[in-house]
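For reference, the structure is listed below as structure tokens.
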Amino acid sequence: SRVQDKMNLYKYLNRLRPVILINISKNTYTNKYTDKKLFTPGPLLTTPRVKNAMLRDLGSRDDEFIQIIKYVQNKLLEIAGVSSLDFTAVLMQGSGTFGVESVLQTTTKQNESKILVLENGAYGQRIQKMCKLLSLDHKVLSFPEERSIDLNVLNSFLQDENNFTHVAVIHGETTSGALNKVEQIGQMVKKYIPDSIFIVDSMSAFGAVPVDFKKGSIDFLVSSSNKCIQSVPGFSFVICSIKKLLSCKNNSKSLSLDLVDQYENMVKTNQFRFTPPTHAILAFKEALVELEEEGGPVKRYERYSNNHEIVRNGLLSIGFKELVPYDEQSKIINSYFYPNDSNFSFEKFYKMLSDRGMVIYPGKMSKASCFRIGNIGDLYSKDMEKLVGDIKQVLQEMNVKIPIQN
Ligand SMILES: Cc1ncc(COP(=O)(O)O)c(C=O)c1O
């Protein structure tokens, strides 16, 4: 009968269920979709292995998860080259900005603190905005956005004016691609203001660009999961001097961004105070293992630098001009001027490259018309070579004259 047939079919499908489920889980994200190549500074391209690490649901109180957090914290301190006796790595839910703001608002006191913000781009300006919103007394020392911070100018400034409690600076200014010499800046800051708190936003540099905490007397360094460690977005982390961190207890003007409370709670209970990004942390752990397998930050920076050279040489040979002088570039991301050609339109250029599976990054400069190419993520020589070839072809299709005019 039809009912009997239906019952038999149901029983048959039910018996197949485990097989179907196994095949669904094998047919992972990466087998199913072919993602575009992201030449962006994050979110960026991650490996199938990092994405696959997220295909689990671990409870936040699970011992395995607690051990993973400890692994992640220790590994971050190892990458930073600091001891767990003096430093701690605090993980903070949210993107990189949440990490920066947590440091700023936890370590400062209204009517007592005075922050010097060293600014040469949009991310320094973001710290200025935070100071304003937190009603903190602050001074902004601005530098040209197409250059790294001029140490002579900073030195003269600090000689005259050094009544600051905090100094904040960006490591790799992702706006332009300029790299700031944070160790020399830190040395200078501590020479004139030994007791100050030195804060480094190393969002797009940490994990690849070398950083010496001791040399730079760095007290707080912020980065996030989806930059040079090459994992998915979801949290930021702050490498903090424990002594300086604990001296800021009860300063916080925010519940969720209280860095001391986040730290103390983790030490006491092995738990985040609020729902942790479990999947993003699983992915991050895998990304840290991959970083080690690649040969650590030194080898990773070598790959990024090689990526950078390939794109840069390719684009310069087409006639593009770059914004930041070569010896001030970070190798993480670089800005190129739009061609001076009436047939060029950035929107069209972006779309035509994206249609070929190559996603570049718009500019963020306040004055210059530039686009950016990121060299970080799961990208290798052949990707960079293909990008240069595609850029050339797209320009030809747009009837932009090559070599391009500037
Ligand atoms: C130097 C720097 N600081 C801060 C941020 C902000 O990070 P997020 O967008 O993750 O909040 C970025 C983002 O790219 C950055 O490059």
* Which of the residues belonging to region 181-200 are under 19 Å from Pro297 (Cα atoms) and either open to solvent by less than 10 Å² (accessible area, probe 1.4 Å) or in contact with a Leu (Cβ under 8 Å, 6 or more places away or on another chain) (or both)? -> Lys181, Val182, Val200
* **Every residue from region 348-406 that is touching a helix residue (DSSP H, G or I) at 6+ places or on another chain (Cβ under 7 Å), among the acidic types (Asp, Glu) and open to solvent by 30 Å² or more (accessible area, probe 1.4 Å)** => Glu385, Glu397
* Structure fact -> The number of residues in region 116-173 that are within 16 Å of the ligand (Cβ to nearest atom) and of a type in the set (Phe, Trp, Tyr) is 2
* Structure fact -> Residue hits (region 218-250; open to solvent by 30 Å² or more (accessible area, probe 1.4 Å), over 16 Å from Val90 (Cβ atoms) and away from the ligand (no atom under 12 Å from the Cβ)) are Asn250
* Structure fact -> When region 264-286 is checked residue by residue, the ones that are open to solvent by 30 Å² or more (accessible area, probe 1.4 Å) and over 19 Å from Arg61 (Cβ atoms) are Glu286
* Could you please give the count of residues in region 130-152 that are surrounded by fewer than 13 Cβ atoms within 10 Å (Cβ to Cβ) and not hydroxyl-bearing (Ser, Thr, Tyr)? => 3
* Structure fact -> Selection from region 60-91 of residues assigned to a loop (DSSP other than H, G, I, E, B), open to solvent by 30 Å² or more (accessible area, probe 1.4 Å) and either of a type in the set (A, V, I, L, M, F, W, C) or not assigned by TED's automatic domain parsing to the domain that holds Ser217 (or both) yields Leu85
* Asked: Which of (1) in contact with a Lys or Arg (Cβ under 6 Å, 6 or more places away or on another chain); (2) surrounded by 18 or more Cβ atoms within 10 Å (Cβ to Cβ) is the odd one out, the single condition Glu294 does not satisfy?
  -> (2)
* Asked: Among (1) part of a helix (DSSP H, G or I); (2) assigned by TED's automatic domain parsing to the domain that holds Leu179; (3) out of contact with any strand residue (DSSP E or B) (no Cβ under 6 Å at 6 or more places or on another chain), where does Val100 come up short?
  -> (3)
* To do: Run down Lys215, Lys253 and say which single residue is out of contact with any strand residue (DSSP E or B) (no Cβ under 9 Å at 6 or more places or on another chain), part of a loop (DSSP other than H, G, I, E, B), open to solvent by 10 Å² or more (accessible area, probe 1.4 Å) and not acidic (Asp, Glu).
  => Lys253
* To do: Mind counting the residues in region 28-59 that are in a loop (DSSP other than H, G, I, E, B) and modelled with pLDDT of 95 or more?
  => 16
* Asked: So which residues in region 98-126 are more than 19 Å from Asn251 (Cβ to Cβ) and open to solvent by 10 Å² or more (accessible area, probe 1.4 Å), if there are any at all?
  -> Glu119, Ala122, Tyr123, Gln125, Arg126
* Among the residues of region 155-178, how many are out of contact with any Ser or Thr (no Cβ under 8 Å at 6 or more places or on another chain) and either open to solvent by 10 Å² or more (accessible area, probe 1.4 Å) or among the aromatic types (Phe, Trp, Tyr) (or both)? -> 8
* Close pairs (9 angstrom Cβ cut-off, 6 or more residues apart or separate chains): near the ligand (Cβ under 7 Å from one of its atoms) in region 89-101, modelled with pLDDT under 95 and not polar (S, T, N, Q) anywhere -> Gly96/Gly42
* Structure fact -> When region 329-343 is checked residue by residue, the ones that are within 20 Å of Ser305 (Cα to Cα) and not in a loop (DSSP other than H, G, I, E, B) are Gln329, Ile333, Asn334, Ser335, Tyr336
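The values are calculated or read from the model by the stated rules, or taken from the named source; none is laboratory data. Everything numeric in this text was worked out from a predicted model, so none of it was measured. FYI the Cβ positions are ideal-geometry reconstructions off the backbone, even for glycines, and counts take in every protein chain you see. Heavy atoms of the whole protein, side chains included, go into the accessibility calculation; ligands, DNA and RNA do not. Shrake-Rupley method; radii C 1.70, N 1.55, O 1.52, S 1.80 Å.
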